[in-house]
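The values are calculated or read from the model by the stated rules, or taken from the named source; none is laboratory data. Model, not experiment: these values are computed from the prediction. We place every Cβ from the backbone using ideal geometry, glycine too, and count neighbours over all the protein chains shown. For the accessible areas, the whole protein counts, side chains as well, though only heavy atoms, and no ligand, DNA or RNA atoms are used. Shrake-Rupley method; radii C 1.70, N 1.55, O 1.52, S 1.80 Å.
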Amino acid sequence: MILQPRSAALLVVLLLAACASGARYQGPVSDHFDGERFHNDEPFNVGWRELWRYYREREPGEWTRDLTPPDFADPPARVAEGALQVTVINHATVLIQIDGINLLTDPVWSARASPVQWLGPKRFVAPGLRFEQLPPIDAVLISHDHYDHLDLPTLQRLQAAHQPQFIVGLGEDGWLREQGLEDVTALDWGEPVALNERVTVHGQRSQHWTGRGFGKGQRNRSLWMAYAITAPGGPVYFAGDTGYGDHFADSGAAFGPFRLALLPIGAYKPRWLTEYQHTSPEDAVQAHLDLAAVRSIAVHFGTFQLSEEAQIEPVDALAVARSAAGLPENDFIAPTFGQPYAIAALPAAPELE
């Protein structure tokens, strides 16, 4: 998460330092956990010096605020066996309705992606669905603990209204139970959890970092995640928040071809600061290819001003990158928030004789 404040640097410090989560994992050492902190293959070294350079040099593009609520019909309570319908609500919040199961990814209905609602990145568009329009939610996938992905007030509303299963990375579960969430499952990379006899969620590797404050003492105490959702009609991939890396090809080799991939295209400028942690539209197109995705839908754009690019710039850049890769427009779209998209099942593999 790269913040784009409108006021003095002191407010940035207050925002980044406030309300840090108490997430902390205790478990065996692994290839991505050293006994105290999680890590990627390449270290994340952005600190206050780099942020100060960014705030001195930034040239933000144009954003326009329009909080008019979209007027889409309520989604169905459930979809039929074999069906898949997805609705991008805003940012990385997606309603995935698959084989009778309803999932939400990284749900955010708050006005700001922030620990407080009087300071911090404020939304530029209304959620594509009102909270009250949600069908019964069975499970919530949380990729990591940054404020634009883990919005505690929204999670508490979901707990009160739906009592879903919350699926998180290692280390995030204890703190969320302390905040009133009841059914919390923590996964490692490569670890599955079945939602029913047809739908299973698999934790997948990504390239990011965690910490709700910016102090290094709070960083990487919990694990950042992507997810593969397997079902008979074909798997669905949710990238969460990530830089580009070989994890896309690894997930493609393990589960591909994907029926659908949900891939981030925003918060990618300037690249010297964001490349490690956020995919550009060009990166997302390459990830689409690495995953062997039949369809991809863009997320993580146009809602919160988190970096330098203009509001519509990721969508335009996606069109250029898609064309350069020779992909038809429908293979990788930038969605309309709130509009449902029905995704066809993959053809059944021929039986071996």
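Restricting to the stretch 252-269, give me the number of residues that are in contact (Cβ under 8 Å) with a residue 12 or more places away in the chain and farther than 25 Å from residue 90 by Cα.
Matching residues across the stretch 252-269 total 5.
Does the stretch 175-186 include one or more residues that are touching a strand residue (DSSP E or B) at 6+ places or on another chain (Cβ under 8 Å), part of a loop (DSSP other than H, G, I, E, B) and closer than 17 Å to residue 227 by Cα?
Scanning the stretch 175-186, I find no residue that is touching a strand residue (DSSP E or B) at 6+ places or on another chain (Cβ under 8 Å), part of a loop (DSSP other than H, G, I, E, B) and closer than 17 Å to residue 227 by Cα, so the answer is no.
Here's a check for you: in the stretch 173-190, which residue that is under 17 Å from the mean Cα position of the chain (by Cα) and open to solvent by 10 Å² or more (accessible area, probe 1.4 Å) is farthest from residue 22 (Cα to Cα)?
Result: 189.
Can you tell me how many residues in the stretch 233-257 are under 17 Å from the mean Cα position of the chain (by Cα) and open to solvent by less than 10 Å² (accessible area, probe 1.4 Å)?
11
For the stretch 119-135, check the following and say yes or no: at least one residue is open to solvent by less than 10 Å² (accessible area, probe 1.4 Å), under 17 Å from the mean Cα position of the chain (by Cα) and within 26 Å of residue 294 (Cβ to Cβ).
Yes, some residue in the stretch 119-135 is open to solvent by less than 10 Å² (accessible area, probe 1.4 Å), under 17 Å from the mean Cα position of the chain (by Cα) and within 26 Å of residue 294 (Cβ to Cβ).
What are the residue pairs meeting all of these: first residue in the stretch 325-347, first residue over 22 Å from residue 286 (Cβ atoms), second residue part of a strand (DSSP E or B) and open to solvent by 30 Å² or more (accessible area, probe 1.4 Å), Cβ atoms under 6 Å, and 6 or more apart or on different chains?
Short answer, once both residue conditions are applied: 340/85; 342/85.
Enumerate the pairs (first residue in the stretch 193-207 and in contact (Cβ under 8 Å) with a residue 24 or more places away in the chain and on the phi < 0 side of the Ramachandran plot; second residue anywhere and among the aromatic types (Phe, Trp, Tyr) and part of a strand (DSSP E or B)) with beta-carbon separation below 7 Å, excluding pairs fewer than 6 apart on the same chain, so at least 6 apart or on different chains.
These pairs meet every condition: 201/227; 202/227; 203/227; 204/227.
If you go through the stretch 80-104, how many residues are open to solvent by less than 20 Å² (accessible area, probe 1.4 Å) and either in contact with a Gly (Cβ under 8 Å, 6 or more places away or on another chain) or in a loop (DSSP other than H, G, I, E, B) (or both)?
9
Among the candidates 117, 159, single out the residue that is part of a loop (DSSP other than H, G, I, E, B), free of Cβ contacts under 8 Å to residues at least 40 places away in the same chain and within 26 Å of residue 22 (Cβ to Cβ).
117
Quick one: would you say residue 104 is in contact with a His (Cβ under 8 Å, 6 or more places away or on another chain), in contact (Cβ under 8 Å) with a residue 40 or more places away in the chain and not aromatic (Phe, Trp, Tyr)?
No: the conditions fail for residue 104.
For the stretch 17-74, name all the residues that are in a loop (DSSP other than H, G, I, E, B), among the aliphatic types (A, V, I, L, M), more than 22 Å from residue 313 (Cα to Cα) and out of contact with any Ser or Thr (no Cβ under 8 Å at 6 or more places or on another chain).
Residues satisfying the conditions are 18, 20, 29, 46, 73.
Within the stretch 322-339, count every residue that is surrounded by fewer than 20 Cβ atoms within 10 Å (Cβ to Cβ), out of contact with any Gly (no Cβ under 9 Å at 6 or more places or on another chain) and of a type outside the set (Asp, Glu).
So the answer is 8.
Looking at 139, 160, which one is under 27 Å from residue 71 (Cα atoms), out of contact with any strand residue (DSSP E or B) (no Cβ under 9 Å at 6 or more places or on another chain) and of a type in the set (A, V, I, L, M)?
160
Give the number of residues within the stretch 258-278 that are crowded, with 22+ Cβ neighbours inside 10 Å, of a type in the set (Phe, Trp, Tyr) and closer than 20 Å to residue 46 by Cβ.
Looking only at that region, the number is 1.
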